[in-house]
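Read the structure below first, then the notes.
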Amino acid sequence: MCGIIGLHLRDESLEDQLGHLAADMLEAMTDRGPDSSGIAIYDSEGQGRIKYSLRAPAVGFDWAALGDRLSAEVRQIGQDAVLVSADGSVDFLSALGAVAPDVTVVSWGEALEVFKDVGSPAEICDRYQIRFRSGYQAIGHTRMATESAVTTEHSHPFSPVADLCFVHNGSFSNYFSVRRDLEGEGVVFETDNDTEVGARLVALEMARGADLGDALAVLMKKMDGFYTLLVSTRDQFAVVRDPFSCKPAVVAETPQYVAMASEYRALAGLPGIDEADVFEPMPQEIHLWSR
Amino acid sequence: MVTLSCAELSTREINQELRALPDGSEVLITEPRGRHSLAVGLNNRIRITIDGNAGYYIGGLCDGPDVIVNGFVGWGVGENLMAGTIRVRGNASESAGASAHGGLIAIEGDASLRTGISLKGGTIVVAGNVGAMSGFMAQAGTMLVGGNAGEALGDSLYEAVIYVAGRVGALGSDARVEELTASDVLRVKELVEATGFDHIEPENVKRVASAKQLYNFDAVKAHSY
């Protein structure tokens with residue numbers, strides 16, 4: 001079991017409340033996934049620069065010094081930090097790898113920041129000050145591990161390329177064979193997690209020109225197992241379920257937002273929920289919303 | 001009328017309060033906000049109204065009460081129901097009435113995938129549509145669908161019977177449409193009267209039941225593999 005939540009705002013007046021609403025949703029899914037949790041926030045504050053969500057290799061890591069060396073703006077959050085740079089991601093990531101090889105890159109992109117770790121949603125939201133965050137889109141996950149170890153690296157969301165965020169409730173059964181195929185095409189993996197395979201498959205398809213919907217159609221064809229997926233890019237938000245749909249999903253749509261969660265409990269506190277169109281995505285349907 | 005608020009009480013507290021009520025009591029449960037396992041495992045003859053959208057397993061394992069939900073419900077409404085009634089004013093999510101042994105579950109909206117999975121003698125009446133794989137391995141009891149049924153309806157059915165007023169997306173393995181008899185019409189009529197879902201015409205439903213080809217292992221067929 002795992003829990004998923006997502007909130008894709010249509011009404012800018014709600015953007016100041018994004019973190020607060022998303023944290024409430026995530027905490028409502030605590031008992032679906034108490035071992036690890038993660039949340040992704042999309043906002044427009046990078047103003048065209050690229051944000052890197054980085055995790056410290058050890059307590060007391062000197063982020064200011066790293067920021068100076070890389071000429072990046074530093075926003076430290078607890079022990080970890082988001083660095084903002086005007087450089088291209090290829091140059092920045094190789095410079096980062098050279099000067100601070102122990103720092104983990106959790107995500108990067110013009111809009112996306114990802115925070116995840118072992119621990120309850122309340123702990124993670126508190127540590128990364130999620131309730132104070134504004135933005136236009138949030139994706140969250142609470143994990144009850146089945147396929148691989150309980151570590152920060154194995155927790156969701158997975159974000160293998162700029163601004164892509166992928167969360168999963170379920171388990172892929174043929175992920176090792178799909179992974180072998182992807183490795184044959186030069187894809188490099190960081191963990192032995194099944195969800196990372198799905199995320200990298202979608203990333204590869206999109207790098208080859210597929211849009212998100214097409215990439216998810218490829219995933220449904222290639223990957224076997226149980227899944228409810230919530231996948232987002234800078235401007236899109238998509239939900240799919242496997243042919244048996246043994247993992248739940250509920251969507252609520254209003255003129256102000258599209259919200260998705262594993263269970264309605266996570267949606268019940270959203271503004272205007274009583275007037276929302278609440279429905280369950282059916283097996284193999286690709287539901288996709290764009291900004 | 002007793003009122004219990006989900007904003008103030010835990011699920012366990014609510015169920016304990018319900019359990020302690022004498023037969024004939026009327027209860028209103030407020031602010032459910034998707035709460036799971038409300039009104040489960042009760043043996044008393046009480047009338048419970050859940051005022052809003054509720055979560056999983058509403059009314060499950062009950063043997064007596066009448067439960068009304070003024071909203072939609074999550075997975076497994078009336079799971080393993082023994083006796084009593086459950087009426088949902090909205091839609092029901094997956095596995096409504098799973099393995100219900102008795103009682104009546106009436107859904108005014110649609111019910112999702114696997115409605116009546118492993119039904120064991122209960123009755124499920126859905127005014128709207130049911131999703132794919134409904135009636136899967138249903139052993140005994142009756143399902144009546146006022147709308148359409150999804151794919152793989154009645155897959156691996158045993159002795160349960162499914163009536164469908166609308167279209168059947170596709171029959172599952174070993175399910176077949178059989179001729180409607182006078183006693184079938186009478187049974188559907190009773191269910192229409194009991195639920196008030198009078199858009200269903202008892203003479204115009206399809207009867208789906210087991211072809212019983214999976215009941216016994218066919219030793220000769222094994223050679224064809």
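Hey, can you tell me all the residues within the range A:138-195 that are part of a loop (DSSP other than H, G, I, E, B), of a type in the set (D, E, K, R) and in contact with a strand residue (DSSP E or B) (Cβ under 8 Å, 6 or more places away or on another chain)? Result: A:147, A:153, A:163. Comparison of B:53, B:44 shows that the only residue that is of a type outside the set (Ser, Thr, Tyr) and within 14 Å of another protein chain (Cβ to nearest Cβ) is B:53. From the list B:175, B:160, the lone residue that is within 24 Å of residue B:78 (Cα to Cα) and crowded, with 22+ Cβ neighbours inside 10 Å is B:160.
Please determine, by comparing only the residues of the range A:255-266 that are surrounded by 24 or more Cβ atoms within 10 Å (Cβ to Cβ) and part of a loop (DSSP other than H, G, I, E, B), which one is nearest to the other protein chains (Cβ to nearest Cβ). Only one residue tops the list, namely A:263. Would you call residue B:220 farther than 18 Å from residue B:115 by Cβ and of a type in the set (Val, Ile, Thr)? When the stated conditions are applied, residue B:220 passes them. The one condition from (1) within 14 Å of another protein chain (Cβ to nearest Cβ); (2) under 11 Å from the mean Cα position of the chain (by Cα); (3) farther than 26 Å from residue A:267 by Cβ that residue B:136 does not meet is (2). Going through (1) in contact with a Leu (Cβ under 8 Å, 6 or more places away or on another chain); (2) surrounded by 22 or more Cβ atoms within 10 Å (Cβ to Cβ) one by one, residue B:139 falls short only on (2).
Considering B:98, B:106, B:127, B:111, the condition of being closer than 21 Å to residue B:188 by Cβ and in contact with an Asp or Glu (Cβ under 8 Å, 6 or more places away or on another chain) is satisfied by B:127 alone. When the test is whether a residue is free of Cβ contacts under 8 Å to residues at least 40 places away in the same chain, surrounded by 17 or more Cβ atoms within 10 Å (Cβ to Cβ), within 14 Å of chain B (Cβ to nearest Cβ) and among the β-branched types (Val, Ile, Thr), residue A:202 does not pass it.
When only residues in the range A:10-48 that are among the aliphatic types (A, V, I, L, M) and outside any helix (DSSP H, G or I) count, which is nearest to residue A:262 (Cα to Cα)?
For the range A:10-48, the residue satisfying everything is A:29.
Among the strands (runs of 3 or more DSSP E) confined to the range B:137-225, the ones with at least 1 residues that are in contact with a helix residue (DSSP H, G or I) (Cβ under 8 Å, 6 or more places away or on another chain) and within 15 Å of residue B:104 (Cβ to Cβ) are located at B:140-145, B:161-164.
Rundown of residues vs (1) closer than 24 Å to residue A:113 by Cα; (2) of a type outside the set (Val, Ile, Thr); (3) surrounded by 18 or more Cβ atoms within 10 Å (Cβ to Cβ); (4) within 14 Å of chain B (Cβ to nearest Cβ), yes/no style:
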residue	(1), (2), (3), (4)
A:217	no, yes, no, no
A:224	no, yes, no, no
A:250	no, no, yes, yes
A:274	no, yes, no, yes
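The set of residues from the range A:125-153 being charged (D, E, K, R) and either farther than 21 Å from residue A:231 by Cα or modelled with pLDDT under 95 (or both) comprises A:126, A:127, A:131, A:147, A:153. Selection of the range B:56-82 for residues being closer than 16 Å to residue B:124 by Cβ, away from every other protein chain (no Cβ under 14 Å) and of a type in the set (Gly, Ala, Ser) yields B:59, B:60, B:78.
The values are calculated or read from the model by the stated rules, or taken from the named source; none is laboratory data. Quick caveat, the model's predicted, so the values are computed rather than measured. Here the Cβ is made from the backbone with ideal geometry for all residues, glycine too, and neighbour counts use every protein chain on show.
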